[in-house]
Amino acid sequence: MSYDNNNVFAKILRGEIPCEKIYEDEFVLSFYDIDPKKKIHALVIPKGKYVDLDDFNSKATSEEIVGFLKGITTVAKKLGISSISGKGYRALANISDDGGQEVPHLHFHLFGGEKVGKMVE
Ligand code: AMP
């Protein structure tokens, strides 16, 4: 699937629609999910134009991949849910139609702030 420049996260990255920002650096933007499924529900997205995790891992530079992965932990620390601070969370990426992905820009959901329950419900 080719990248759709009009997807909602592309618009957030361009500043065309607002988000409740948690963290931003050279590689990632993180903001709260508009429809939270757990007490804490954050999204972490890469700044580059990647449709999903497989697209990202196929095309992104090593620097982008490291920056994105480290960004997840940076956000978790900032939210106080990192295992480093004795807590925990679920990081989940839906990939393509069969994976239930709705927004075609790679994102990880971070669920936490409580016991998040079974992996698949
Ligand atoms: P997915 O099904 O993995 O593609 O998840 C897409 C997520 O994006 C859903 O959890 C939505 O609630 C969330 N979402 C959609 N639009 C926005 C928005 N404008 N700001 C924040 N989160 C959004």
Yes or no: segment 29-43 includes at least one residue that is modelled with pLDDT of 95 or more, within 12 Å of the ligand (Cβ to nearest atom) and aromatic (Phe, Trp, Tyr). yes
Apart from one, (1) within 14 Å of the ligand (Cβ to nearest atom); (2) over 17 Å from residue 19 (Cβ atoms); (3) within 12 Å of the chain's Cα centre (by Cα) all hold for residue 109; the odd one out is (2)
Keeping to segment 68-92, report how many residues are surrounded by 15 or more Cβ atoms within 10 Å (Cβ to Cβ) and among the small types (Gly, Ala, Ser). 4
Looking at segment 90-109, I want the residues that are of a type in the set (Phe, Trp, Tyr) and have a partner that is surrounded by fewer than 17 Cβ atoms within 10 Å (Cβ to Cβ) and assigned to a loop (DSSP other than H, G, I, E, B) with Cβ atoms under 8 Å, at least 6 apart or on another chain. Which pairs are those? 108/93
Test set (1) assigned to a helix (DSSP H, G or I); (2) away from the ligand (no atom under 14 Å from the Cβ) - residue 10 fails condition number: (2)
So residue 65 clears everything in (1) within 29 Å of residue 117 (Cα to Cα); (2) exposed (fewer than 14 other Cβ atoms within 10 Å of the Cβ); (3) among the β-branched types (Val, Ile, Thr) except one condition, right? Which one? (2)
The lone condition residue 17 fails out of (1) within 11 Å of the ligand (Cβ to nearest atom); (2) under 13 Å from the mean Cα position of the chain (by Cα); (3) hydrophobic (A, V, I, L, M, F, W, C) is (2)
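The values are calculated or read from the model by the stated rules, or taken from the named source; none is laboratory data. Please read all numbers here as calculations on a predicted model, not as lab measurements. Counting neighbours? That spans all protein chains shown, and the Cβs are built from the backbone with ideal geometry, glycine included.
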